[in-house]
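The block underneath contains the structure these notes are about, expressed in structure tokens.
Just so it is clear, none of the values below were taken in a lab; they were calculated from the coordinates. All values reported here derive from a predicted model rather than from experimental measurement. Here the Cβ is made from the backbone with ideal geometry for all residues, glycine too, and neighbour counts use every protein chain on show.
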Amino acid sequence: MSEELLKKLADSVVDMDEEGAVKYSSQAVEEKVDAYIAIDKGLAKGMERAGKLFDEEEYFVPELIICSDAMNAGISVLKPHLKQENAAVKRKGVIGVIEGDTHDIGKNLVKIMLEASGFYILDLGRDVPPQVFVDRAEEIGAELILLSSLMTTTMDNMEEVVKILVKRGVRDKYKVAVGGGPISQAFADRIGADGYSKNANDAVRLCNELLAGA
């Protein structure tokens, strides 16, 4: 594994260099670097660094959007080369950014990583009302409901999803997982979610654990 190449991938995102992200992602493909690792340890690491710069007020929303564009450009090169594990049996889930929030960088990355790990994930997009998560999960026969938020003002809408499941008498049919910048395990416990993940890689592990034996 070329640590130097992973660093270049990360740097291209931080530097808002879409051309570089495509170039180094293509290089990763040529050198047969595992696409999952190139995304997780390269592009996603760069986005994580960009997020920290945003928190430190060195970057602002426009810079973060351009960083995201660079990351997505690289991902588009690498995605066709992700190994499809357990392709014969796909566990289903729905994912989306909860109502009131439109930050979807983390959600998009989680979806890509889960699909690479053999899940079928229906992406509901951004600003999704709580009842839509439940309705669509019922429609496709999902086992997972994955909720994302980066805004503290929208976190309580996640609890509404759990309440709707309870009200409809279907809470036991689903594993509900939450994630995003302000989310914590304590918050997940408080709203009655089944799990919390801090990043895309952790989300794959969590979903596998939640469905183990199910």
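Here are the numbers:
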| read-out | value |
| --- | --- |
| Normalised contact order of the stretch 3-81, rounded percent, pairs of Cα under 8 Å and 6 or more residues apart | 44 |
| Residue with peak Gaussian network fluctuation, the chain [Cα springs, cutoff 10 Å], from 68, 12, 184 | 184 |
| The stretch 92-211: C-alpha gyration tensor shape, a/c 1.5 cut-off, then a/b vs b/c | rounded |
| Candidates 179, 51, 96, ranked by Gaussian network fluctuation over the chain, Cα under 10 Å, top entry | 51 |
| Crossing angle, helix 18-30 versus the chain [Cα axis fit, 0-90 degrees, rounded to tens] | 90 |
| Peptides 123-130, 60-67, 165-172, 200-207 ordered by average Cβ neighbours within 10 Å, highest first | 200-207, 123-130, 60-67, 165-172 |
| Stokes-Einstein D (µm²/s) once Rh is taken as the Kirkwood radius of the chain over alpha-carbon pairs, at 37 °C in 0.692 mPa s | 187 |
| Listed residues 147, 212, 113: farthest to the positive end of the dipole of the chain (Cβ charges) | 212 |
| Net charge, residue 156 excluded, C-beta distance under 14 Å - Lys, Arg +1, Asp, Glu -1 | -2 |
| Kirkwood estimate for the stretch 169-214, i.e. one over the average of 1/r between Cα atoms, Å | 11.0 |
| Angle in degrees between helix 44-55 and the longest Cα principal axis of the chain, rounded to the nearest 10 | 80 |
| The stretch 54-134: relative contact order in percent, alpha carbon pairs under 8 Å with at least 6 residues between | 32 |
| Over the stretch 58-138, equivalent-ellipsoid semi-axes from the Cα gyration tensor in Å | 24, 21, 6 |
| Cα centre as origin, Lys/Arg/Asp/Glu Cβ charges: the chain dipole, Debye | 940 |
| 0 to 90° range, to nearest 10: angle between helix 200-211 axis and the chain longest Cα axis | 30 |
| 12 Å Cα-Cα reach of residue 41 towards aspartates and glutamates, excluding residues that sit fewer than 8 places from it in its own chain | 3, 4, 11 |
| The stretch 3-81: translational diffusion in µm²/s, Stokes-Einstein, Kirkwood Rh over Cα pairs, 20 °C, 1.002 mPa s | 181 |
| Per-residue HN-Hα couplings for the stretch 157-171 [Karplus 6.51, -1.76, 1.60; θ = phi - 60°; Hz; x = Gly/Pro] | 5, 5, 4, 4, 4, 4, 5, 5, 4, 5, 4, 7, x, 10, 4 |
| Between the stretch 92-118 and the stretch 123-165, the Cα center-to-center distance that results, in Å | 11 |
